[in-house]
1. Just want the answer: with Cβ charges of +1 for Lys and Arg and -1 for Asp and Glu, which residue in Ile50, Ala80, Leu180 is farthest toward the dipole's positive end in the chain?
2. Per DSSP H run of n ≥ 4, the term is -39500 (n - 2.57); total these for the chain, divide by its residue number, and report the mean residue ellipticity at 222 nm rounded to 500 deg cm²/dmol.
3. In angstroms, what radius of gyration and Dmax does the chain have, counting Cα atoms only?
4. For the chain, give the magnitude of the charge dipole about the Cα centre (Cβ charges: +1 Lys/Arg, -1 Asp/Glu; no others), in debye to the nearest 20.
5. For region 85-113 and region 139-165, compute the distance between their C-alpha centroids and round to whole Å.
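Each reported figure results from applying straightforward, stated rules to the coordinates on display, with no laboratory input. Worth saying up front: this structure is predicted, and the values here are computed from it rather than measured. Neighbour counts run over all protein chains shown; Cβ positions are idealised from the backbone, glycine included.
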Amino acid sequence: MCARPVAAGLRGLPGTSNAGPPVTKLRAFLLFLPLAVMAAGLFGAVHDRISYTVSPEYFTRFKFVQFRLLDSPLPERLRAAEVGFLASWWMGLPLGVLIGAMGFLQSSGRRMWRALLWSLALAMAVTLCVALAGLGYGVIQTTEVRVEDYGNWYLPKGVLNLSAFLQAGYMHNAAYLGGLVAVPVAWGFQVVYWWRGRGEA
């Protein structure tokens, strides 16, 4: 029963096999919003599984406490993915609106949908690259750790590997920066996509 509205919404979009009415720009935009939310949540889950590998203590002494998952029956690595999803899904809303709105630049609903899919993939890739760059920067910065340099950071007591904890923190902070950088990058891609496809339906 639930599959019928979804199928009806997707019918006519590029990549679907069912013939249907032409894709409108508004329809592409509205379908893109939940897709962006899901992509942001899944990105967060993958991101936090990576950062859990860097520093399990970042989660067991910080994030699991913050998200009230200390007593969850799930394995720690899955809880880390849950934290990532919960911390990131909401970023899909502004991401979807900002990138999706730029899609109206395209000449048709079909081109808009293609541009939005490519833009979303590009945004995720850019965010991941910035997050990994942040991790690399964190590794360099924590070669020698002076606690007084991190007065504005939350450093729970009893952390055994403070360098790894800080590296995970650098990665998380960089991921949010990457999300900001990804928006203008996606806009730029859409302008290029529009320019190269002028006159194409």
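1. Value: Leu180.
2. -22500 deg cm²/dmol, from helical runs alone.
3. Cα only, the chain: 20.1, 64 Å (Rg, Dmax).
4. Approximately 940 debye in magnitude.
5. 37
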